[in-house]
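Just so it is clear, none of the values below were taken in a lab; they were calculated from the coordinates. For clarity, every value in this text was computed on a predicted model and none was experimentally measured. We place every Cβ from the backbone using ideal geometry, glycine too, and count neighbours over all the protein chains shown.
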Amino acid sequence: MSVKSDEWIIEMSKSCGMIKPFDESLVSKGVISFGVSSYGYDVRLSDEYRIPRKIKGETVDPKDKNSIVFEDFKGKECIIPPNSFVLGRSYEYFRIPRKIIAMCFGKSTYARSGVMVNVTPLEPEWEGYITISISNTSPFPVKIHSFEGICQVLFVEAERMCSISYADRRGKYQTQHGIVPSKV
């Protein structure tokens, strides 16, 4: 396995639309960085959020998409209450090549404020907007910024092609648009 470089990311995005819209340089002046980095791509957060407002019952059940009632919110920024979370989505649309798996990591700028980002791997031949769970682990409200960097995706190429891709098995989050809650 090998991590892919900035040159590979630029070539794949230009030739097969792996990332759209695409910034081929790292934009960082006055914003939380986004665009191509040395070995990855800093993903922007869109201006669409789903904010949990209440739970039905006493326990959140990831198998029951209705166990949390979400409020849709759109704005330049979003405040995450202490010890809570919001769902967001990437501004960029991704098309992952068959021989690649992509892994997502939170940005240190937010981590230093108690904000953690959780995204599962972007599997071979998955495509869509990334639904991003953004948690505030601090005891204070934290502001997150739309259209600025939220996480970094690293692209790893396998030595051999996978026998069954996400598209082959018709994964439940394939070609997702908007913020998609859990599905079972």
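At-a-glance table
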| quantity | calculated |
| --- | --- |
| Karplus-derived HN-Hα couplings along the stretch 32-44 (A = 6.51, B = -1.76, C = 1.60, θ = phi - 60°), whole Hz, x at Gly and Pro | 6, 3, 8, x, 5, 10, 4, 10, x, 9, 7, 7, 8 |
| Top positive-direction residue, dipole computed over the stretch 2-157 with Cβ charges, set 128, 154, 111 | 111 |
| Rg followed by Dmax, in Å, when the chain is reduced to its Cα trace | 16.6, 50 |
| Assigned charges on the beta-carbon of Lys, Arg, Asp, Glu; the chain dipole about Cα centre (debye) | 460 debye |
| Between the stretch 104-167 and the stretch 52-71, the Cα center-to-center distance that results, in Å | 22 Å |
| Using θ = phi - 60° and Karplus 6.51 cos²θ - 1.76 cosθ + 1.60, couplings along the stretch 113-129 (whole Hz; Gly, Pro as x) | 10, x, 9, 10, 10, 10, 9, 6, x, 8, 6, x, 6, 7, 9, x, 7 |
| Within the chain, helix-based [θ] at 222 nm, where runs of 4 or more DSSP H residues each add -39,500 (n - 2.57), nearest 500 | -2000 deg cm²/dmol |
| Taking the chain and dividing mean pair separation by its residue count, relative contact order in percent (alpha carbons under 8 Å, at least six apart) | 28 percent |
| Principal-axis tilt of helix 6-16 within the chain, Cα atoms, nearest 10 degrees | 90 degrees |
| Environment charge at residue 2 (Cβ cut-off 11 Å; Lys +1, Arg +1, Asp -1, Glu -1) | 0 |
| Assigned charges on the beta-carbon of Lys, Arg, Asp, Glu; the stretch 86-184 dipole about Cα centre (debye) | 200 debye |
| Packing-based exposure ordering (other Cβ within 10 Å, fewest first) of 161, 18 | 161, 18 |
| Neighbour net charge for residue 71 - beta-carbon separation under 10 angstrom, K R +1, D E -1 | +2 |
